[in-house]
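Asker: First, the structure itself, so that you have it in front of you.
The values are calculated or read from the model by the stated rules, or taken from the named source; none is laboratory data. Everything numeric in this text was worked out from a predicted model, so none of it was measured. Here Cβ is always computed from backbone atoms with ideal geometry, including for glycine, and neighbour counts include all displayed protein chains.
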Amino acid sequence: MVHDLYVLMITAGIVSLLFKLMKQPVVLGYIVAGVLVGPYAFGDAWVDAHNVETWGNIGVLFVLFCIGLEFRIKNLITSGKVAAIGALTIIGGMMLLGFTVGKGVGMDMMNALFLAGMLCMSSTTIVMKAVDEAGLSKARFVKGATSILIIEDVVAVVLMVLLSSIAIKHQFDGEELLNKVLILAITLVVWFVVGILIIPTLLRKVKNYLNDETLTILSLGLCLGMVLTAEEAGFSSALGAFVMGTILAETVESHRIEKLMTPLKNVFAAIFFVSVGMMINPSNLLEYWPSILVVCLVVIFGMIFFGTLGCWWGGETMKDAMQTGFSFVQIGEFSFIIAALGNSLNVTHPALYPIIVASSVVTTFLTPYIMKAAVPCYGFLYKHAPARLRTKMDQREEQVAQAEQAQREVNNERLKDKGEKSKIKKVIDQTVVTKQLVDLFIENMSANDDNNDANEPVD
């Protein structure tokens, strides 16, 4: 195991350094490193694939845990319209497009349904990593994009239940699906309510006793505890990690925890992308390249179109909507899970899994470059758009700017009120302290007078 970790780290480090020197995304270096150490490039794997897969799964948990630490529940609430409309438009549109393409190339109903499920989910891990590397973490579109990804992950859980039910019973069981949705909703509410009521209070009480070591261990323990809880409840372990990150984001130690988790996230995220690269069989790329090309084109253009359209309908500016759509041009973890589910149930063609894996890798490679094209494409669209559409784009930009200004004023008022309340409290405290000092002074003076009277000679 130590040998495997050594090979992974040194290969990923050298290759990613070369990619950095070439000014290419580090994620691509990790994937290439995975191809090099995998079982296909040189005829024999340099590492144990099972160990790497295990570490890669842990990496996904840490990455999503840290994403949760950076996310705030109020952001999901404030971007609720964009998140709901955007996610539904992307999922519905991509499923319809995927199913149509599947039937168009001669797939049966079951294979087309599974293909549709695989193509409708973007990768939270890859999107956030690409956004971070591009220096766009603070960009306006990121909040809405993250909210959409969260909803997609939740919908993915329900979708897997639906596909399993159809595959096993060969019919749609609406009652089972409704029960699963209700259980998921109730579970999430309980997790958040109980977690936000208990954990922040607990951390406040023991804040003075938490050094970096203790806080790291406690945070990891809470994360893994929620992961186990999610698995026991029948949900995704990644969902549990994200939920705990979101809960801890509401604590006074959130920024400190985020800083402590960053090195772990970087290490295990690298292993995750190396594990993805290890699944690439160059011979599959040659054998199935027409199908891979079709899937990649469907994902890229479908995600750009439906992502932009959904965010525009949700109230974002055209520029933000296009940046969101251009960042969603890949398929990720849940696509692998759905593909593996189809294989395990023996309802999908054996070639579908390698096609999806190869398409995911190709679209992951292309994601950083396509993201960079979003702003130039917006400029081109704005320049050549009809006058009516250009007017609507200007109006939306103005509306969003006014809403942001209004929100800043509200936040400033709250800070001002908080400052005034703090000053009033300070004055009151000072008054109380002053009164206590005066009372103590008078009491002491009275005591001194009594002592003086007692010490005076009696005539």
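Asker: Show me the helices (runs of 4 or more DSSP H) entirely contained within region 239-347 in which 1 or more residues are touching a Ser or Thr at 6+ places or on another chain (Cβ under 7 Å).
Answerer: Numbers: elements: 254-278, 282-287, 289-313, 318-327, 333-344.
Per the criteria, 254-278, 289-313, 318-327, 333-344.
Asker: What pairs can you find where one residue is in region 295-316 and touching a residue at least 40 places away in the same chain (Cβ under 8 Å) and within 17 Å of residue 86 (Cβ to Cβ), the other is of a type in the set (D, E, K, R) and part of a helix (DSSP H, G or I), and their Cβ atoms are less than 7 Å apart, with a gap of 6+ or different chains?
Answerer: Close Cβ pairs satisfying both conditions: 311/320; 314/81; 315/81.
Condition check ((1) within 30 Å of residue 281 (Cβ to Cβ); (2) small (Gly, Ala, Ser); (3) modelled with pLDDT under 85) across all residues:
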{"position": "361", "(1), (2), (3)": "yes, no, yes"}
{"position": "384", "(1), (2), (3)": "no, no, no"}
{"position": "391", "(1), (2), (3)": "no, no, no"}
{"position": "407", "(1), (2), (3)": "no, no, yes"}
{"position": "418", "(1), (2), (3)": "no, no, yes"}
{"position": "423", "(1), (2), (3)": "no, no, yes"}
{"position": "430", "(1), (2), (3)": "no, no, yes"}
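Asker: Separate question: Tell me which residues, restricted to region 201-219, are in a helix (DSSP H, G or I) and either surrounded by 18 or more Cβ atoms within 10 Å (Cβ to Cβ) or without any contact (Cβ under 8 Å) to a residue 40 or more places away in the chain (or both).
Answerer: So the first thing to find is which residues in region 201-219 are in a helix (DSSP H, G or I), and the list is 201-205, 207-209, 212-219.
The answer is 201, 202, 203, 205, 208, 209, 213, 214, 215, 217, 218, 219.
Conditions tested, residue by residue: (1) of a type in the set (Phe, Trp, Tyr); (2) within 24 Å of residue 207 (Cα to Cα); (3) at pLDDT below 80.
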| residue | (1), (2), (3) |
| --- | --- |
| 247 | no, yes, no |
| 255 | no, yes, no |
| 258 | no, yes, no |
| 267 | no, no, no |
| 281 | no, no, yes |
| 295 | no, no, no |
| 308 | no, no, no |
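Asker: Continuing with the same structure: Can you go through 235, 192 and tell me which one is of a type in the set (A, V, I, L, M, F, W, C), assigned to a loop (DSSP other than H, G, I, E, B) and touching a helix residue (DSSP H, G or I) at 6+ places or on another chain (Cβ under 8 Å)? Even if it seems obvious, please write down each step before you answer.
Answerer: On the way: 192 fails: assigned to a loop (DSSP other than H, G, I, E, B).
Answer to the check: 235.
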